[in-house]
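Data first, discussion second: the structure below is written as structure tokens.
The values are calculated or read from the model by the stated rules, or taken from the named source; none is laboratory data. Here the structure is a predicted model, which means the values were calculated and not measured. For neighbour counting, all protein chains shown are included, and Cβ atoms are generated from backbone atoms with ideal geometry for every residue, glycine included. Surface accessibility is based on the protein's heavy atoms, side chains included, excluding ligands, DNA and RNA. Shrake-Rupley method; radii C 1.70, N 1.55, O 1.52, S 1.80 Å.
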Amino acid sequence: MMKVCQYRLGLYLLFFVTYSYSQNTTSLNGEWILETKASVLYSKINNKPISHTNSGYLRVTFARPNLVDITNNYAANLHFQKFSRTDNIITLQFGRQFLIEKLTAKELVLVELENNQINIKSVRYWFIKEQLYLDKLPLKANDSLFINGNFVYRASKKLYPKFTNKKYPDFHIYMDTHIKSCYENGENFYLVTFVLKPNGKISDIEIFHRVNKEQDKKIRRAIKNSEGMWKLPKLNNKKVPILYFIEDRVNKKKTQKKLLNFAPHTFKKYSDTYYKNFHKAVLNIKQKNYEEALKYIAICENVNPNEPNLIFYNIRCYEKIGNMKKSNENKEILKNTKLKYLLK
């Protein structure tokens, strides 16, 4: 068996020496998604092994000048690192090297080198352009919503907008920079939705979970000022409006004014159970399913009783289903909370 492997490897090395000099200089720039990978011994360049199809997600983005981003999270913003390219050899940080075996406008095939050469441990990777990958993903039934007389699409793996501000490579960092002065001591949780329009404008900004009135103003201002900083996804080769959620849970320590803790395990008032069910309540409110929203609000109340944000949405939901008695009862409770300014 070893002799067969060595023979195959010898033939491949001969091919590598001649092929590496015949490749053109097509640009690597753009986003590439990993389709599959396999050992060089049991795969061929034009024969992707179905049994080894990649079940996870890996996106590689190349940009000028010699920058690369690698992530396994479709929602992650770009965090570039340097790389070098000599002929058809890519060298990443920490010395990892790859042979560009095939490069077209649609497909990229890389072979990882072991100790600067191909050996029996080398792996072949097949990538396709991101848009081709996205076009193959199905559009789920709950990916579209009807809001204020218009269809919009939820930000999802298939349709995810990219924040493109160079100073703030991550939208959460952008938001935190503009609103962190308004966090209160202890646990904080804000959640906002807004619509990104194909023309670059932002509309329908709704703050669903609040910290205080001052932060409300800064949130609206920061989101509105991000117009023009987004790259919208395409559906059938056309940009579509996207419903985007932005939220953060922050634990501000009394004795360390500048320290903000974002670790989910530190939260009791706004635990994962609270967080996930409040999300579900918001989606139902967006779709005017107020009775269903009340069920998720009740779950949140079991985690964090007397939370003013829940009281406010009890008011709204009960009013929408015609239960004015319950709505008015919650209004009286809200008058004695920090969110009493929401009562008009």
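For the range 159-179, does any single residue satisfy the condition of being among the acidic types (Asp, Glu) and within 30 Å of Lys280 (Cβ to Cβ)? Checking the range 159-179: at least one residue is among the acidic types (Asp, Glu) and within 30 Å of Lys280 (Cβ to Cβ).
Considering only the range 284-300, state which residues are open to solvent by 30 Å² or more (accessible area, probe 1.4 Å), part of a helix (DSSP H, G or I) and without any contact (Cβ under 8 Å) to a residue 24 or more places away in the chain.
Pass one, the range 284-300, residues open to solvent by 30 Å² or more (accessible area, probe 1.4 Å): 287-292, 295-296, 298-299.
Of the ones still in play, those that are also part of a helix (DSSP H, G or I) are 290-292, 295-296, 298-299.
Residues satisfying the conditions are Glu292, Lys295, Tyr296, Ala298.
Filtered by the rule that a residue be open to solvent by 90 Å² or more (accessible area, probe 1.4 Å), assigned to a helix (DSSP H, G or I) and modelled with pLDDT under 85, the range 247-283 gives a lone residue, His265. Looking across the range 97-132, the residues that are within 17 Å of Arg59 (Cα to Cα) and open to solvent by 60 Å² or more (accessible area, probe 1.4 Å) come down to Ala105, Lys106, Gln131, Leu132. On the basis of being over 30 Å from Lys338 (Cα atoms) and buried (at least 19 other Cβ atoms within 10 Å of the Cβ), does Lys158 make the cut? Taking the combined requirement at face value, the residue satisfies it. Screening the range 165-196 for residues that are of a type in the set (Lys, Arg) and more than 18 Å from the chain's Cα centre (by Cα) and picking the one that is least open to solvent (accessible area, probe 1.4 Å) gives Lys180. Set side by side, the residues Leu110, Leu78, Leu139, Leu134 differ, and just one is in contact (Cβ under 8 Å) with a residue 24 or more places away in the chain, outside any loop (DSSP other than H, G, I, E, B) and in contact with a Leu (Cβ under 9 Å, 6 or more places away or on another chain), which is Leu134.
Listed here are the residues, each with its yes/no results for (1) β-branched (Val, Ile, Thr); (2) within 17 Å of Gln215 (Cα to Cα).
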| residue | (1), (2) |
| --- | --- |
| Lys167 | no, no |
| Ile173 | yes, yes |
| Thr177 | yes, yes |
| Cys182 | no, yes |
| Asn188 | no, yes |
| Leu191 | no, yes |
| Leu196 | no, no |
| Gly200 | no, no |
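Of the residues making up the range 133-143, just one is open to solvent by 60 Å² or more (accessible area, probe 1.4 Å), charged (D, E, K, R) and more than 19 Å from Arg59 (Cα to Cα), namely Lys140.
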